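See structure below.
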Amino acid sequence: MTHVAIIGGGPGGYEAALVAARHGAEVTIVERDGWGGSTVLTDCVPSKTLIATADVLTEVAESLELGVELPSGVHADLAKVNRRVLDLALAQSSDIGERLSSSGVRVVRGTGRLVEGTTVEITSADGPTETVVADAVLVATGAHPRVVDSAQPDGERILTWEQVYALQEVPEHMVVVGSGVTGAEFASAYNGLGARVTLVSSRDRVLPGEDPDAADTIEDVFRRRGMDVLGNSRMASVEREGDTVRVTLTDGRVVEGSHCLLALGSIPNSGDLGLAENGVLLDDAGFVRVDRVSRTTAPGVYAAGDCTGVLMLASVAAQQGRIAMAHVLGSAVHPLNLSEVSSNIFTSPEIATVGLSQKKLDEQGIQADVAMLPLAANPRAKMQGVRDGFVKLFARRGSGTVIGGVIVGPRASELIHVVSLAVMTSLTVDQVANAFTVYPSMSGTVAEVARRIHRPE
Ligand SMILES: Cc1cc2nc3c(=O)[nH]c(=O)nc-3n(C[C@H](O)[C@H](O)[C@H](O)COP(=O)(O)OP(=O)(O)OC[C@H]3O[C@@H](n4cnc5c(N)ncnc54)[C@H](O)[C@@H]3O)c2cc1C
């Protein structure tokens, strides 16, 4: 029987453990902080639960034009919201722990470390140190928020994204530093929850690296909803003076707020794991180098998830873990294909993408036809008072195969699935256009955009 040892119980680790156990392997998984990892306890699940409340408030606030008479003072009780957030995260973590145990996985709470080849040493907080001699090891230790000396979080007013759930009241003025995905999501959420929000972005627009039309749309919405978006503004330091935080920018300007949320990116948890000593190559930023089947440079040692920096998404972490197990256990292996990954930015409206972006098409010199339509022209959108958003599709010139798409709109995360299926199965724009859509529905715009790309022979 193959024995697999897994370090880290986030989606990279626990999904792999479940797959390996199902395929008859003996599996030991060690987790330091809690089952489900940062995904469940501090990152993805808590933030999306918070955003669920913010979305309701945003919808309510914008429902006047639908004839809704609002009682005054609709607001969130943040203490209650955050209690719900944390309860939900803990419940999910406990479900994952139970699922692992009931699937026959040996679960151990403690800190794992590679000591030699594929042998892992586990130190538990209160128990003895044990050594697990495995045939293969999967490192899935995740990442943690980057902090800098000049902006030290205090857990009360200067916060990382892991610390915001201790807030008992909606901040009066939240200054969010960093306009990548995490910064944009929290800025959108606190704006929806009723806080004054200033978003400090070091680039000329928010969400650098994302589809420019999507980024422009979200920035317009942010400004319309009263958010201060400071472009080309790099944070130099953050200090607290009593109940005030002072964010000093490199050009000398100072932004004062009641709270500051730092969204400065992530650092891989790859130190003190015995990796380099055992032949596992790390890059300059500390990310574990892996190939498309999750192999590191050391025989029998695999890595998955945020510690590899391949694409920091829970879905990608889980897929990397499953691929690693397929490789270890001799099942059919489908190497990771990033051009099929769909992802979503949970701002309001959401931004969902799949497949190749315009940037990638340009870099790879792929000839593509592009069409884009605003959601505002869609009958369902009009009925629902949806003003912002669009559907954009990319199709390979000649064959008309759908190779990418961007959807901005409410629940774009759900709507993107049809485009994801089209990319995955190489459907043509005609096939997408000819599939029936419900009238009236937002998906009608997906079909209409596909129709726009069709060119008669
Ligand atoms: C605010 C925020 C929101 C996000 N939202 C989304 C989203 O909506 N959708 C999405 O797909 N992705 C989202 N992500 C990204 C997602 O959270 C990560 O990609 C995901 O957590 C990666 O999973 P992982 O298994 O690699 O790591 P983690 O989930 O971080 O799990 C790693 C685990 O390893 C443990 N560990 C570390 N070292 C050791 C050791 N030596 N021994 C034992 N255990 C150890 C840690 O305690 C941790 O529990 C979000 C990220 C952030 C920051």
- Task: Assign one of three labels to the chain, namely rounded, prolate or oblate, based on the Cα gyration tensor with a ≥ b ≥ c the square roots of its eigenvalues; rounded applies when a/c is under 1.5, prolate when it is not and a/b is larger than b/c, and oblate otherwise.
- Result: oblate
- Note on the structure: Amide H contacts under 5 Å for ILE158, restricted to residues at least 5 apart in sequence or on another chain and with H modeled in the peptide plane, are CYS260
- Message: Could you sort the peptides 404-413, 157-166 by per-residue average Cβ neighbour count (10 Å cutoff), highest mean leading?
- Response: 404-413, 157-166
- For ASP204, what accessible area in Å² do you get when you roll a 1.4 Å probe over the heavy atoms of the protein chains, rounding to the nearest 10? 110 Å²
- Task: Please work out the C-alpha center-to-center distance from segment 316-364 to segment 156-185 and express it in whole Å.
- Result: 28 Å
- Message: List the lysines whose Cα sits under 16 Å from the Cα of LYS48, skipping any in the same chain fewer than 8 residues away.
- Response: LYS80
- Applying the Karplus parametrisation 6.51 cos²θ - 1.76 cosθ + 1.60 with θ = phi - 60° to the phi angles of segment 383-398, what ³J(HN,Hα) value in whole Hz is obtained for each residue in order, glycine and proline being reported as x? 4, 8, x, 8, 9, 9, x, 7, 10, 10, 10, 10, 10, 5, 5, x
- Would you please give the residues with an amide H less than 5 Å from that of SER233, counting only those at least 5 places away or on a separate chain, with H modeled from the backbone geometry? SER201, SER202, ARG203
- Query: Given H placed on each backbone N at 1.01 Å, which residues far from ALA368 in sequence or on other chains put an amide H within less than 5 Å of it?
  - Reply: ARG397
- Note on the structure: With the 1.4 Å probe rolled over protein heavy atoms, segment 348-457 has an accessible area per residue in Å² of 51 Å²
- Residue-wise HN-Hα coupling along segment 45-57, computed from phi with Karplus coefficients 6.51, -1.76, 1.60 (Hz; x: Gly, Pro): 5, x, 5, 6, 6, 4, 5, 4, 5, 4, 4, 4, 5
- Item | 3J(HN,Hα) from dihedral phi, segment 66-80, Karplus parametrisation 6.51/-1.76/1.60, rounded to Hz, x for glycine, proline | 8, x, 7, 8, 8, x, 6, x, 6, 8, 9, 8, 5, 4, 5
- the chain: relative contact order in percent, alpha carbon pairs under 8 Å with at least 6 residues between: 14 percent
- Ordering of 28-36, 227-235 by packing [mean C-beta count within 10 Å, highest first]: 28-36, 227-235
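The values are calculated or read from the model by the stated rules, or taken from the named source; none is laboratory data. Model, not experiment: these values are computed from the prediction. Glycine also receives a Cβ, built like all others from the backbone with ideal geometry; neighbour counts cover every protein chain displayed. The accessibility values were calculated without ligands, DNA or RNA, using every heavy atom of the protein model including side chains. Shrake-Rupley method; radii C 1.70, N 1.55, O 1.52, S 1.80 Å.
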